[in-house]
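Participant: Take a look at this one; I'll ask things after.
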Amino acid sequence: MKTLVINCGSSSLKYQLIDMSTEESMVQGLVERIGIEGSLLTQKVEGREKYIIKTEIKDHKDAIRLVLGALIDEKYGVIKSMDEIAAVGHRVVHGGEKYSESVVLTEEVLKSVEECNALAPLHNPPNIIGIKACMELMPNVPMVGVFDTAFHQTMPKEAYICPLPYELYENYGIRKYGFHGTSHKYVSNKLAEVMGRDIKDLKIVTCHLGNGCSLAAVKGGKSIDTSMGFTPLAGVMMGTRSGSIDPSVIGFLINEKGYTMQEVDELLNKKSGVLGISGVSSDFRDVRDAAEQGNERAKLALDVFHYKVRAQIAAYAGVMGGIDAIVFTAGIGENSSLTRKESLKGLEFLGFELDNERNEIRGEIQEISTDNSRVKIYVIPTNEELMIARDTVELINNM
Ligand code: AMP
């Protein structure tokens, strides 16, 4: 069963075709600058040269038409006809309280998914535009929506209720939702598999550290807390996002310093975090290089980042009453031995021993604690696309 996984942003679209009989990714692609001058599609198949199409791509429907064409292209494609695509799995950022599981998408379901748009005005609308375009172009192919928030719907109330007037929760749905759920679910399950343990017996802290960063406390296979909140702005510091700060800063900037709300929003989402403190870049590699060359603010940015992650790991070990394992994933978590080492510094009392030599690996599944370590530390590359494809196949098979 070949499953197409689509992750639609406002001006970009990522896709993969996964052969679910082997769980192998057959092709990965990216459409960029949709609706903007200079739009292009790049498609990669292992062992072959990249396929790049530069053409006008007016909207998401155009983009999906181009993707389908690239998949069946005689020279660069991987399938002979669109009929080989058995199902499509779509990433949807926000499922609100309504969706604690993935769902088969029908016109009717889509309407209720649209009701979650107000909770994620930047992310959900493009996801839905992508779904609608696919439905039009592939009317007979079953489609599934997989939500970033779903895995965290198991959080207890004390973890997700904000200390605000309760009516704000009742009337407007203001609460912690959490994001990156597909990734936290994938790496925690993979960890249990690699450790040869039943996930029901494990207390795990999963650290998804990429451009966006979030941690989760996963107890018995369920998310019981996570660091992102009502939106993906909350929690630990990130590449350009501030993470959680004293909310009074916002009023101060607006009332005392003449900022507009829009400027503050932009500042918190796009100009803060590692970029904001370092003044160098939001890319960890650049900041690490600058720190190594003696740039004090770059060094400070890394120190603050590692401090925030360390404090969050400790907090989750606390709420779970101890831990069995810590997992690092995503761009920084999978690749940066420095970040893993520094984020764990001082936490050895939790019962682990880091193996510095093993910690030097990049981008592969590896235990990085010593053989004698009671608490295990692992690097596990995330695979959100595979998780989406798995949910898609499971739901389609039960239809
Ligand atoms: P993601 O959002 O998961 O794609 O992660 C992007 C982040 O991963 C960026 O901040 C990159 O700088 C970081 N990253 C990628 N490769 C490395 C590496 N080798 N060392 C450190 N950070 C890396």
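Every number in this text was worked out from the coordinates using simple rules, so none of it is lab data. Everything quoted here is computed from the prediction, not taken from an experiment. Note: ideal-geometry Cβ built from the backbone for every residue, glycine included; neighbour counts use all protein chains shown.
Participant: If the elastic network links every pair of Cα atoms under 10 Å, which of S343, S281, S112 fluctuates the most in the Gaussian network model of the chain?
Facilitator: S112
Participant: Determine, for S10, S81, S336, the number of other Cβ atoms within 10 Å of each Cβ, and report the residues in order from fewest to most.
Facilitator: S81, S10, S336
Participant: Can you tally the net charge around V249? Count Lys and Arg as +1, Asp and Glu as -1, for every other residue whose Cβ sits under 11 Å from the Cβ of V249.
Facilitator: -1
Participant: For helix 60-72, what angle does its Cα long axis make with the longest principal axis of the chain, in degrees from 0 to 90 and rounded to 10?
Facilitator: 70 degrees
Participant: Any chance you could tell me what percent of the C-alpha pair distances in the range 283-399 go past 20 Å?
Facilitator: Roughly 51 percent, once rounded to a whole number.
Participant: Sorted from largest down, give the three principal axis spans of the alpha carbons of the range 188-314, whole angstrom values.
Facilitator: Sorted from largest, the Cα extents of the range 188-314 read 55, 37, 20 Å.
Participant: List, largest first, the extents of the alpha carbons of the chain along their principal axes, each in whole Å.
Facilitator: Result for the chain: principal-axis Cα extents of 57, 56, 46 Å.
Participant: At 0.36 nm per residue, minus the direct Cα-Cα distance, what do K58 and N171 gain on full extension? Give it in nm, one decimal, please.
Facilitator: Length gained between K58 and N171: 36.9 nm.
Participant: Need the C-alpha centroid separation for the range 90-122 versus the range 1-54, integer Å.
Facilitator: About 23 Å separates the Cα centre of the range 90-122 from the one of the range 1-54.
Participant: Among L17, L122, L354, which one shows the highest mean-square fluctuation when the chain is modelled as a Gaussian network with alpha-carbon springs under 10 Å?
Facilitator: Most flexible of the set in this elastic network: L122.
Participant: Say the dipole of the chain comes from +1 at the beta carbon of Lys and Arg and -1 at that of Asp and Glu; which of L41, A63, A159 then lies farthest toward its positive end?
Facilitator: Going by the charge dipole, the pick is A159.
Participant: Right, something else. Where Lys and Arg each count +1 and Asp and Glu each count -1, what net charge lies around I18 among other residues with Cβ under 11 Å from its Cβ?
Facilitator: -2
Participant: Restricting to DSSP loop positions (anything but H, G, I, E, B) with no more than 16 other Cβ atoms inside 10 Å of their own Cβ, which GluC sites (Glu not before Pro) remain in the range 92-170?
Facilitator: E97, E101, E115
Participant: Under a Cβ-only charge scheme (Lys and Arg +1, Asp and Glu -1), can you give me the dipole magnitude of the chain about the Cα centre, in debye to the nearest 20?
Facilitator: 360 debye
Participant: Right, here's the next one. Using Cβ contacts closer than 10 Å as the measure, can you line up M237, M26 from fewest to most?
Facilitator: M26, M237
Participant: List the lysines whose Cα sits under 21 Å from the Cα of K271, skipping any in the same chain fewer than 8 residues away.
Facilitator: K257, K299, K308
Participant: Could you work out the local net charge near E114, counting Lys and Arg as +1, Asp and Glu as -1, over the other residues with Cβ closer than 14 Å to its Cβ?
Facilitator: Net local charge, E114 excluded: 0.
Participant: Let me ask you something else. Within the chain, what percent of beta bridges assigned by DSSP are antiparallel, to the nearest 5?
Facilitator: Percent antiparallel among DSSP bridges in the chain is about 65.
Participant: Then there is this: Over the range 1-122, what is the percentage of antiparallel beta bridges among all DSSP beta bridges, to the nearest 5?
Facilitator: That works out to approximately 80 percent antiparallel.
Participant: Would you compute, from DSSP H runs of 4+ residues alone, the mean residue ellipticity of the chain at 222 nm, taking -39500 (n - 2.57) per run and dividing by the full residue count, rounded to the nearest 500?
Facilitator: Helix contribution divided over all residues of the chain: -11000 deg cm²/dmol.
Participant: What fraction, in whole percent, of alpha-carbon pairs in the range 81-205 exceed 16 Å separation?
Facilitator: 67 percent
Participant: Go through K98/K222; K14/K157; K14/K176 and tell me which ones have a Cα-Cα distance over 23 Å in this structure.
Facilitator: Exceeds cut-off: K14/K157; K14/K176.
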